[in-house]
Amino acid sequence: MSMLFRKVAFVGIGLIGSSLALRIRRDGMAGHIAVSTRSQETLDKAEELGLGDSYTLDAAEAAKDADLVVICVPLGAYSAVAETIAPSLKPGAIVSDVGSTKSSVITDIAGHLPEGVPLVPAHPVAGTEHSGPEAGFDTLFEDRWCILTPPEGTDPSALDLVTQMWRRAGSNVEIMTPAHHDLVLAITSHLPHLIAYTIVDTATYLEEDIKAEVIKFSAAGFRDFTRIAASDPTMWRDIFLKNREAVLEVLGRFNEDLTMLQRAIRRGDGDALFEAFSRTRTIRRGVIDAKQA
Ligand code: NAP
């Protein structure tokens, strides 16, 4: 298969960065992969795993001469990263990312980029609850969606190259506006994480003897929430701070629906409960049909 980029630079090489680097290497999408990260420990790990061709703690050094720079750090660090790499970007270099919210990417990055450097924000809707370069694997993005949110007027050839990269990583690519992305993901990802964090946190405040029983009998449902609630706290703190409006919007709706169920339970309204629980099975069938189960 043909090479898409002479040099790709990674700023951040955790779960998502390492998975993409492995795939780019496996499929010969780049001539050179430059890896940069914040800590020496992670850089050493990335080198041990052979994720790149060059390694540095200096993001600007990695970005120098790169045709594509992929930002793979928590959303709260975006602005500082963009400021650091901006002076070393060559004209025509493409800047992309993998962040879980998208309106904030434009706000935090676009203003720092020099003229003639297209920004093609991306969100691979794939992941695990594990972090760090050793958690990565080259099939992570297979049969998953990757959502691109190019700002209006983005150079079509830059968009095409980033699209090709994600397709070759095994993903289905969809293009949408950042605001639409943020609302959809607030329901499909951010709200479920918030609920899981809440349920598990409620359990942490139980009396010790009850807590022990909760863990013992966790297979009844609680266990599945603990997996989600074990996700990286830095990443999720940043997601809620960066997608504030959309999350508050869906949280308002969720609270109304929860109150409706609470009232049905209090009133012994079995019909209302049965109806609600039947409606939701249709969504589950849709998820299975869409091969997202
Ligand atoms: P990760 O495994 O925790 O790796 C984070 C990387 O960012 C590491 O290289 C880390 O460097 C670096 N980093 C952390 N804080 C930093 C800071 N303040 N300044 C500069 N660098 C910093 O994270 P990840 O799961 O790959 O997530 C990366 C991005 O992907 C996030 O924006 C997240 O929203 C998005 N995303 C995640 C998932 C998921 O399921 N995990 C899915 C889709 C998208 P050191 O280790 O050297 O400190």
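Here, each number is a calculation from the coordinates, and none is a lab measurement. Keep in mind it's a predicted model, so treat the numbers as computed, not measured. Cβ placement follows ideal geometry from the backbone for every residue including glycine, while neighbour counts extend to all protein chains displayed.
Using only Cα atoms, tell me the angle between helix 156-168 and the longest principal axis of the chain; keep it within 0 to 90° and round to the nearest 10.
With both axes taken from Cα atoms, the answer is about 60 degrees.
With springs only between Cα atoms under 10 Å apart, run a GNM on the chain and tell me which of Ile187, Ile147, Ile239 wobbles the most.
Evaluated over the chain, the most mobile residue of the options is Ile187.
Please compute the Kirkwood hydrodynamic radius of the stretch 107-240 from all pairs of different C-alpha atoms, in Å with one decimal.
By the Kirkwood definition, the hydrodynamic radius is 17.5 Å.
Using a Gaussian network for the chain with springs between C-alpha atoms less than 10 Å apart, which of these wobbles most: Val184, Val162, Val247?
Between Val184, Val162, Val247, it is Val184 that shows the largest mean-square fluctuation.
What are the ³J(HN,Hα) couplings of the stretch 34-51, residue after residue, when phi is run through the Karplus curve with 6.51, -1.76, 1.60 and θ = phi - 60°? Round to Hz, x for glycine and proline.
Along the stretch 34-51, the couplings run 9, 10, 10, 8, 6, 10, 4, 4, 5, 4, 4, 5, 4, 5, 4, 7, x, 6 Hz.
With the cut-off at 1.5 for a/c, could you classify the stretch 180-289 from its C-alpha gyration tensor as rounded, prolate or oblate?
Oblate.
With a cut-off of 8 Å between alpha carbons and a minimum separation of six or more residues, what is the relative contact order of the chain in percent? Mind showing how you got there, number by number?
Numbers: 489 pairs, mean separation 45.4, N = 293.
This gives 15 percent for the chain.
With the Cα gyration tensor of the chain giving a ≥ b ≥ c as the square roots of its eigenvalues, does the rule (a/c under 1.5 for rounded; else a/b larger than b/c for prolate; else oblate) give rounded, prolate or oblate? Could you put the intermediate results ahead of the total?
Numbers: a/c = 2.13, a/b = 1.79, b/c = 1.19.
In terms of gyration-tensor shape, prolate.
Which is the longest run of the chain containing none of the GluC sites (Glu not before Pro) found in DSSP loop states (not H, G, I, E, B) with at most 15 other C-beta atoms within 10 Å?
Working: sites that count: Glu115, Glu129, Glu142, Glu152, Glu207.
Segment 1-114 is the longest.
Full extension from Arg279 to Asp160: what is 0.36 nm times the residue separation minus their Cα-Cα distance, to one decimal in nm?
38.9 nm
Compute the angle between helix 233-242 and the longest alpha-carbon principal axis of the chain, please, reported from 0 to 90 degrees and rounded to the nearest 10.
90
Mind running the shape call on the stretch 4-146? Use the C-alpha gyration tensor, a ≥ b ≥ c as the square roots of the eigenvalues: rounded below 1.5 for a/c, prolate if a/b tops b/c, oblate otherwise.
Rounded.
Counting other Cβ atoms within 10 Å, which chymotrypsin sites (Phe, Trp or Tyr not before Pro) in the stretch 203-280 have at most 15 and lie in a DSSP loop?
Tyr205, Phe217
Mean projection of the alpha-carbon convex hull of the stretch 201-243 over all orientations, in nm²?
With the hull built on Cα positions only, its mean projection is 3.6 nm².
Helix 244-267: angle to the longest alpha-carbon principal axis of the chain, degrees 0 to 90, nearest 10?
Approximately 20 degrees, to the nearest ten.
Could you grab the relative contact order for the stretch 180-289? Cα pairs under 8 Å, six or more apart, rounded to a whole percent. Walk me through the intermediate numbers first.
Working: 44 pairs, mean separation 35.5, N = 110.
The value is 32 percent.
Taking the beta-carbon count within 10 Å as an exposure proxy, list His181, His193, His32 from fewest neighbours to most.
So the ranking, lowest neighbour count to highest, is His32, His193, His181.
Can you pull the one-decimal nm distance between simple spin-label points at Met176 and Thr107, each 7 Å off the Cα toward Cβ?
Modelled inter-label distance: 1.9 nm.
Normalised by the residues of the stretch 29-162, what does the relative contact order come to in percent, with Cα pairs under 8 Å and at least six apart?
RCO, the stretch 29-162: 19 percent.
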